[in-house]
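A short write-up of the structure that comes next.
The values are calculated or read from the model by the stated rules, or taken from the named source; none is laboratory data. Everything quoted here is computed from the prediction, not taken from an experiment. For neighbour counting, all protein chains shown are included, and Cβ atoms are generated from backbone atoms with ideal geometry for every residue, glycine included. Quick note on the areas: whole protein, heavy atoms, side chains included, nothing else; ligands and nucleic acids left out. Shrake-Rupley method; radii C 1.70, N 1.55, O 1.52, S 1.80 Å.
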Amino acid sequence: MRLRLLACLVVVVSLFGACASSNDEPTSQSPAGSDGGEQNASSGEEDDSSPAVEILDSGFGQSDITAEAMVIVTTDSEAALGESVTVSVNFLDAKGQILQTEEQIESFNWVGQELALPVTPYDINPKQKIASIEPSVSLSDYGMSQEPKAPLPVLDATEVKKGEYGGYTASFAFTNETDTDLRNLRVGVVCYDASQKIIGGTSTYPELAPAGKTIRIDADPTVSAKPATCKAFVNYDVS
């Protein structure tokens, strides 16, 4: 009888040990992140619904007394209309040191609009030569989207000539093809060399463009050399 009880005890102990060994082994059902590897990776998807803004081109001009960066941005999202577009520019010297950082704010009025923002480094010493710029752009998320307005044209200069007080003057012809007077237009002027590199620009603000009429827009851009051509990016008043 004692031998039979001993044999049963050995069997029970063996079965208990096997179960414990089995429970100690990791399984594929372990919680994600508990042991590293692929299970630590996030399975969440990125939110692609936020409106985007893109820098198309940028450049700067510097004269003996001032400097001006021009940054052209666009959007393909209707949700971006009415939001604040902020362009920030680092002005760098030849060693890559930041001389100054400045910002400019505008807003889109139609999808696909090319918006030209002037950014002026007001405190740059004329003796400090700007070698390059680093532009960046951001878009607010205030939920202030608005209905798109009728697109306004990008104008080619009708004339670029020596300015009355030095520098150069670029002239444009703008026709208001709407049936409403347009007041306080915001015009970003971008100037290019023969290779289509941006070499400066400025902004100007015509007070009135009567409905159905053509007006002349003159601008005195800050440029590094005589422009081969200039363009005017016309936008509505933001007020």
**OP:** Hand me the list of strands (runs of 3 or more DSSP E) wholly inside the stretch 121-220 holding 3 or more residues that are in contact with a Leu (Cβ under 8 Å, 6 or more places away or on another chain) and either open to solvent by 40 Å² or more (accessible area, probe 1.4 Å) or farther than 30 Å from residue 50 by Cβ (or both).
**Re:** 168-175
**OP:** Taking the residues in the stretch 227-239 that are modelled with pLDDT under 95 and not small (Gly, Ala, Ser) as candidates, determine which candidate is most open to solvent (accessible area, probe 1.4 Å).
**Re:** 238
Original post:
What is the one condition in (1) at pLDDT 95 or above; (2) surrounded by 12 or more Cβ atoms within 10 Å (Cβ to Cβ) that residue 66 does not satisfy?
Top reply: (1)
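Can you pull out the residues in the stretch 76-103 that are buried (at least 20 other Cβ atoms within 10 Å of the Cβ) and outside any loop (DSSP other than H, G, I, E, B)?
Within the stretch 76-103, 80, 85, 87, 89, 91 qualify.
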**OP:** Those residues that are at pLDDT 95 or above, in contact with a Ser or Thr (Cβ under 8 Å, 6 or more places away or on another chain), under 28 Å from residue 66 (Cβ atoms) and not charged (D, E, K, R), I need them from the stretch 148-182; list them, please.
**Re:** 157, 158, 160, 171, 172, 173, 174
Original post:
Hey, does the stretch 109-117 have a residue that's open to solvent by less than 20 Å² (accessible area, probe 1.4 Å), within 14 Å of the chain's Cα centre (by Cα) and over 17 Å from residue 230 (Cβ atoms)?
Top reply: yes
**OP:** State yes or no: is residue 153 closer than 17 Å to residue 235 by Cβ and in contact with a helix residue (DSSP H, G or I) (Cβ under 8 Å, 6 or more places away or on another chain)?
**Re:** no
